[in-house]
Every structure is written in C-alpha cells, then in structure tokens.
Amino acid sequence: MVMSISASLANCNGHKKDENQEQEKFKFLTEQFGDSKILRYQVPGFESLSLKQKKLIWFLSQAALCGRDITYDQNCRYNLLVRHTCEAVYEGFMGDRSSADFIHFEIYLKELWFNNGLHHHYSTDKTQAGFSKEFFVSAVKSTPPEKLPLAIGQAPDHLADEVAMVIFNPAIAPKRVSLDSSTDMVLASACNFYEGVTQKEAEEFYYRLKESDQKAGRDTRISYGLNSKLVKVNGLVKELTYKAGGLYTQAIEKIIFWLSQAVEVAETPGQKASVEKLVEYYHSGSLEAWDEYNVLWVNDQDALVDFVNGFIETYGDPQAMKAGWESVVNFKDIEATKRTKIISDNALYFESNSPTDPQYKKTEVKGVSAKVIRVAQLGGECDPTTPIGINLPNANWIRSEHGSKSVTIDNITYAYDQASLGNGFLEEFAASPDEVAKIKEYGYAASSLTTDMHECLGHASGQLKPGVTHDLLKNYHSSIEESRADLFALYYILDPKMEEFGLLKSLKAGEAEYDAFMRNGLMTQLVRIRPGKDIEEAHMRDRALIAHWVFEKGKEKNIVEKFTRDGKTYFRINDYQGLRALFGQLLKEIQRITSEGDYKAGRELIETYAVKVDQDLHTEVLDRYKKLDIAPYAGFINPAYEPVMKGDSIADIKISYPEDFATQMLEYSGKFSFLPVR
Ligand SMILES: [Zn+2]
C-alpha cells in the first residue's frame, strides 16, 4: 500500500535542519511542463556506506531500471510503440525545433515519460496532444527509418498513421482505469491486464480457480491473478504469467541477472535468503513462492539496505487484483528511525486505545516495523512519480501472521518541501496568518509523523471478521483502506500521548496537520481535478470522504467553518478536539465496514462524500491556483551510479545527480528497452 504525494500540496514550507551546508545550494526544481514539475532528490549518506553496501545498491538499481518497460506495457498495450516512435522523432527531427508544434510535441513526450504512458498517472485519462496530426505524420516520415520501431515490411508512413491513430483518436484507450461501476470496468479500462475478457469472465475465472484450489486442498491465501495477464484464446480464458520464459521474459531475465549479483553482496543471511527466493519466484511465477519471499522479506529487519522489486500494487487494475511492476531501492536513516521505533514499540497502545469496536481490534500487534528511509533509486510504477510512504506486503494473511514493514521516504519528502518554499500556495489557501505560521513551524514534522502513523499503524491496525476478505469491497476497497489508515493517523496526531512519547514538541503540530488535512480534502486537492470531472483516485477519494463527512457531521456545532473573505473561500477549524472526536467516529465506522466487508455501506459513503465535486468551489480553486503558476504533480530525476573499476573489480561506486529529465529518460530508453514494442 502506498501513501501518495499529498505532501506536495498539503504541508509544505516547513523547516528542517540540514546535515550539511551544501544542500542549501542543491537545485531541487528543474522544470515544469503541463501540470507536472520535475524535482531532483539527494541521497545523503550514500558516500559513507561500505563498498559492499554501495555495490548492493548499484546492482539493485540496475534491477529497478530493467523493469521500466514492463510498467509501460502494463499501463497500456500501445505505450511502448508510441514511446519508441516519439523518441525516434525527438532525436531525429531535422525541422524547426522552435516551432509551436515541436514545442507541444516535446511537452507531450515529457508527459509520456512522466506518466509511463499515454494516460495521466493520477486521473488516468488519456493525455491530449497539443500538436497537429499533420505535423506528427510528417515528422515520423522524415525520421531516419532505421530509428523507427517499424514492423517487418512496414513503411514509415504506415507507422505514422498507426501511432497517430492512437494519439489522436479519442475513442482509442480513453481511460487507463475506469472505476465507473455502472459499466464493465474491465472493458472500459485501457490498462493491459486483460485482453478480450469481460469483467464477468474475469470474476468467474478467479472464482473457479479459487474453488478448485479449495477442493484440491491447495493454499488459497495466495494473491490470485497478481502477476499475470488474463486473455482469451480460442474462446478459453487463461492466464499469461509474468516470469522467465513467460510474459515479459526479456525484462525479467535481466532483473534476475542483477538480483543474482545482489545475492553475492547481501548484508545478512536473511536478506540473502529473501533475494534468492525472489529470484526463484521470477523463474517460476509461483504465487506461493511470492508469499514465501514476502515472509522472508518482512523478517529481514537487520540489513541497512532494503528494496522492493516485483508486481506489487493493484491500483492500476479496476478489479484490484493485478499488480503493476515497481521497485524502490533504499537504505535506513538511522537517526530518524528512532521516531518510528517509538511508534512501532507502542503499537499495542494505539491499537487498544483506538475508537474502533473491540471485536475488530487486534489483541496483539505482531511485527509492525517502521523505519525512515532514503531512496537511492526509483523504478517501474514508482518512477518518476513516487509515493512518500510504503507499507508492505499487501497480503493480509502475511500481515497478520508475520507483520509488515512500513517506511517513510524522507529524502523525497524533503525535496518536495524544499521545492515548494515560497511558492505562495499556503498563503493563498490558508485561513489566516496564524495558520500559515503554525504550518511553517510544525508542518514538516507533523506531516512526516502522520505518514509514519498512516503506514505503520493505520494499515496494520484492526482485524477482519472470520471469513471476510478485502475483495468484498471491490472497487471501493482501495479508497476505504486508505481512509482507514488516514483516520487512524489523524486520530492520534492530536493525542496528548504524542508529546509524552516525545514524538511532537507541541500539540500545535497536530492542529497544523488538521488544518492542512481539511484544507486539502475540502478544497486544495481539487487543483488536481480537471473542470467537470469526478474524483476517482483512491487517496483523493479517501481525503474527500473524510473531510466532507466530518465537515457535515460537525456543522451543527460549527466545528469546521466555511467562510469567504474578499470573495475567496476558506475553511477554519473552530474546535480541534471536536474534530478529533469526529475522526474517531468515522474511523470506527470505516473499520466496521472493512471488518465486515460491508460493500453497501462502503459504496454509500464513497458515493455520497468522495466522488462529486462542488462545481463553484472547483472553479474558484482552479482560478486561484492558476495565478500561482505551480504544477500540482511532481516527478523525480534519479541519481546516477557509476562503478569505479580497479582492474576487474569494483573499487567504488560514485553517485552523481543529473539535472535534465529528458536526457535521463532517453538514456533509460537506450539502455533498458528489453520488451518488443508490439
Ligand atoms: Zn496508505
């Protein structure tokens, strides 16, 4: 489960002490295009790692990059063809590079890289091209043919038409993930997890598979469908598994190669065993092996360097079964991890004092480990846009029997924070100078702690009624689950215990978080929604649900107040403890819905509070935001690693920080394109 990029919008402008003065001069923001900006992040502490640890990070970073094409292909089957064609044009274009068409083409390609494909990474709508079809067709035709991804015997003008059709025809692949439950969501989604299969056929296929496993006495706790594409061949529905020798073998074999190098420099026996199991899984595609790997991975707590690499999150599948490929290579920030250790050491306090129904609480909290990490390499779905917190594994039975690992990604959050300094966003939307001051003093610490608690405690809290599984909530599961984790964190960020535990220096920090959360959920997150559109993304629905629900329930007592000043709308919290009680009340209900798998109640809550947008407020917010000229989404340029050779052996790994997004994307496409484009 991932905690998304709220920090870029909610609680920026905080302060943080630096490890070294040099960071002050580092350029965090490099460019903006469309609704996106590109940031760089630093990896403090890399230089002082041991050579063995540096090698491990480098091998894992190569493995992370080898899966890049998988993400493109999973997002939509046209993505690799369009990307290769556009890259060839971009590099080979001989015409006027300052023409409006070319400039729009360049933005389009950057958005394609940013989104890992044709569709916006957040809204999942197909990106609009700002250049003309004529320009594109003639640009393809004037590109050296040997650079183009031509099919055997295909003429360049035929390729130009083929790709132009995908880009310009609005009827082709309009949406990557459709969550409109009134339609066949599988057919309405352009993601590449199903081909020629209806939603009903997909549901039936897995129902039968599970049933036959049950009868045969096989392990039915596995995550059905997680690492495969479902296709119909000669009228029969079947799975194409992602594995060596299976679908995506060209990329998976490379991943296996680099993981096998990593085995040799693993830090601990536990880590070695887990990486070996991961390699075994990539060979077999067995979901039992995947679960075994996850158990080993959760138990490997001692290594400093850690990583995820695999088919993990299911947000890209309308059925929430099939996982996108991702990788995050990282190492522990030992100092900052003291904070999360306090949280995980007291997990039982939080669980037993939460306002949820006792029968849905855990009676013992097992192995919730939390750490603060520094990312060294992002890959797949996590690159260029990345979460700021991760809690894995996702399999519920592993979480309850073996625990989970929860991380807060500090160097990414820090980059967001630095890049937002002085952009005017907070000043524009905060209700008062006092609120601004509170955020500036406490915002960074409060939002980091909220992320920790969301990941480490929130997702790990509670238990299901016997026989209930998460899939009962269907398309509402992700939003409900995220709101559960958010509410848990919100409830406790204003607990007096926070001061007692030494986690916050003042409860004012909790108030700052409440201000930021409500402002975001009721108002500012709307900057990410295009006019007239509904809210669809799970984390955004989660925040809209919580903010609107507590706003409504607290109306009578005026707990949160909406007011206008100089024609602008603001929200002010009048009663923080009252708001905390409402968060607790909603947490109790959301936990009940989760524990009982109450689909109807979940649907009711989401559809009532989290989907529709107040059109007038939306227009106003977009208008105010536009004047600030800030891009709402951020992606990252990764550091580059280069081995320093001494004879045949690696003597050191040097880290550097590239500054140009397009150069890095072209370099990745040059070195890590392993999959066929068709
Ligand atoms: Zn989450």
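The values are calculated or read from the model by the stated rules, or taken from the named source; none is laboratory data. As the structure is a prediction and not an experimental result, all values here were calculated from the model. Note that each Cβ is placed from the backbone with ideal geometry, even for glycine, and that neighbours are counted across all protein chains shown.
State whether one or more residues within region 663-673 are aromatic (Phe, Trp, Tyr) and within 25 Å of Arg484 (Cβ to Cβ).
No: region 663-673 contains no residue that is aromatic (Phe, Trp, Tyr) and within 25 Å of Arg484 (Cβ to Cβ).
Go through region 560-592 and give me each residue that's assigned to a strand (DSSP E or B) and touching a Gly at 6+ places or on another chain (Cβ under 7 Å).
Correct list: Val560 only.
Can we say Ala430 is surrounded by fewer than 24 Cβ atoms within 10 Å (Cβ to Cβ), within 30 Å of Thr524 (Cα to Cα) and away from the ligand (no atom under 16 Å from the Cβ)?
Answer is yes for this residue.
Pro358 fails exactly one of the following numbered conditions: (1) of a type outside the set (D, E, K, R); (2) surrounded by fewer than 19 Cβ atoms within 10 Å (Cβ to Cβ); (3) touching a Ser or Thr at 6+ places or on another chain (Cβ under 8 Å). What is the number of that condition?
The number of the failed condition is (3).
Go through the residues of region 374-383 one by one and say whether even a single one is basic (Lys, Arg), touching a strand residue (DSSP E or B) at 6+ places or on another chain (Cβ under 8 Å) and within 30 Å of Ser669 (Cα to Cα).
Yes; the residues of region 374-383 include at least one that is basic (Lys, Arg), touching a strand residue (DSSP E or B) at 6+ places or on another chain (Cβ under 8 Å) and within 30 Å of Ser669 (Cα to Cα).
Being crowded, with 17+ Cβ neighbours inside 10 Å and within 30 Å of Thr198 (Cβ to Cβ) narrows it down to one residue among Asp291, Asp300, Asp306; which is it?
On inspection, the qualifying residue turns out to be Asp291.
Does Asp180 fit the bill of being acidic (Asp, Glu) and not in a helix (DSSP H, G or I)?
yes
I'd like to check something: does region 469-489 contain any residue that is over 24 Å from Ser178 (Cα atoms), in contact with a helix residue (DSSP H, G or I) (Cβ under 6 Å, 6 or more places away or on another chain) and more than 16 Å from the ligand (Cβ to nearest atom)?
no
Residue check: is His454 more than 12 Å from the ligand (Cβ to nearest atom) and within 24 Å of the chain's Cα centre (by Cα)?
Considered against the rule, which asks whether it is more than 12 Å from the ligand (Cβ to nearest atom) and within 24 Å of the chain's Cα centre (by Cα), His454 comes out as no.
Inspect all residues belonging to region 637-652 and state whether any of them is without any contact (Cβ under 8 Å) to a residue 24 or more places away in the chain, in the same structural domain as Ser36 (by TED's automatic domain parsing) and either over 26 Å from the mean Cα position of the chain (by Cα) or farther than 30 Å from Phe46 by Cβ (or both).
Scanning region 637-652 turns up no residue that is without any contact (Cβ under 8 Å) to a residue 24 or more places away in the chain, in the same structural domain as Ser36 (by TED's automatic domain parsing) and either over 26 Å from the mean Cα position of the chain (by Cα) or farther than 30 Å from Phe46 by Cβ (or both).
Hey, Leu51 hits all of (1) more than 16 Å from the ligand (Cβ to nearest atom); (2) at pLDDT below 95 but one; which does it fall short on?
Just one mismatch for Leu51, condition (2).
Yes/no per residue for (1) surrounded by fewer than 18 Cβ atoms within 10 Å (Cβ to Cβ); (2) over 30 Å from Gln271 (Cα atoms):
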residue	(1), (2)
Ser50	yes, no
Trp58	no, no
Leu65	no, no
Leu81	no, yes
Val89	no, yes
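Take Ile222 and decide whether it is within 24 Å of the chain's Cα centre (by Cα) and assigned to a loop (DSSP other than H, G, I, E, B).
When the stated conditions are applied, Ile222 passes them.
Can we say Ser123 is farther than 26 Å from Asp157 by Cβ, out of contact with any strand residue (DSSP E or B) (no Cβ under 7 Å at 6 or more places or on another chain) and in contact (Cβ under 8 Å) with a residue 40 or more places away in the chain?
Yes, satisfied.
Give me the pairs: first residue in region 483-503 and under 19 Å from Ser406 (Cβ atoms) and modelled with pLDDT of 95 or more, second residue within 13 Å of the ligand (Cβ to nearest atom) and not in a helix (DSSP H, G or I), beta-carbon distance under 7 Å, and six or more apart or on different chains, which are they?
Going by the 7 Å Cβ cut-off, the qualifying pairs are Ala485/His459; Phe488/Ser461.
Across region 490-509, which residue is farthest from the chain's Cα centre (by Cα) among those that are assigned to a helix (DSSP H, G or I) and either within 16 Å of the ligand (Cβ to nearest atom) or of a type in the set (A, V, I, L, M) (or both)?
This residue is Met498.
Give just the number: which of (1) under 34 Å from the mean Cα position of the chain (by Cα); (2) under 14 Å from Phe105 (Cα atoms); (3) in a helix (DSSP H, G or I) does Leu159 not satisfy?
All conditions are met except number (2).
Go through the residues of region 198-213 one by one and say whether even a single one is surrounded by 15 or more Cβ atoms within 10 Å (Cβ to Cβ), within 27 Å of Lys671 (Cα to Cα) and at pLDDT 95 or above.
Looking through region 198-213, none of the residues is surrounded by 15 or more Cβ atoms within 10 Å (Cβ to Cβ), within 27 Å of Lys671 (Cα to Cα) and at pLDDT 95 or above.
Can you find a residue in region 354-375 that is in a helix (DSSP H, G or I) and either within 16 Å of the ligand (Cβ to nearest atom) or of a type in the set (Ser, Thr, Tyr) (or both)?
Yes.
Residue check, Leu230 against (1) more than 18 Å from Asn475 (Cβ to Cβ); (2) assigned to a strand (DSSP E or B), all met but one. Which one?
Result: Leu230 passes all but (1).
Of Ile38, Ile57, which residue is touching a Ser or Thr at 6+ places or on another chain (Cβ under 7 Å) and in the same structural domain as Glu276 (by TED's automatic domain parsing)?
Exactly one residue qualifies, and that residue is Ile38.
For region 623-649, give me each residue that is surrounded by 15 or more Cβ atoms within 10 Å (Cβ to Cβ) and aliphatic (A, V, I, L, M).
Ile630, Ala631, Ala634, Ile637
Being closer than 18 Å to Ile590 by Cβ and more than 16 Å from the ligand (Cβ to nearest atom) is the filter here; which residues of region 525-562 pass it?
Ile535, Ala547, His548, Trp549, Val550, Phe551, Glu552, Lys553, Gly554, listed by residue number.
From (1) aromatic (Phe, Trp, Tyr); (2) buried (at least 22 other Cβ atoms within 10 Å of the Cβ); (3) closer than 27 Å to Thr363 by Cα, pick out the condition that doesn't hold for Tyr444.
Condition not satisfied by Tyr444: (3).
So Gly422 fits all but one of (1) outside any helix (DSSP H, G or I); (2) within 16 Å of the ligand (Cβ to nearest atom); (3) modelled with pLDDT under 95; what number is the exception?
(2)
Take region 376-415 and flag every residue that is closer than 22 Å to Ile70 by Cα and either assigned to a strand (DSSP E or B) or outside the structural domain of Thr340 (by TED's automatic domain parsing) (or both).
Ala376, Gln377, Leu378, Gly379, Gly380, Ile390, Leu392
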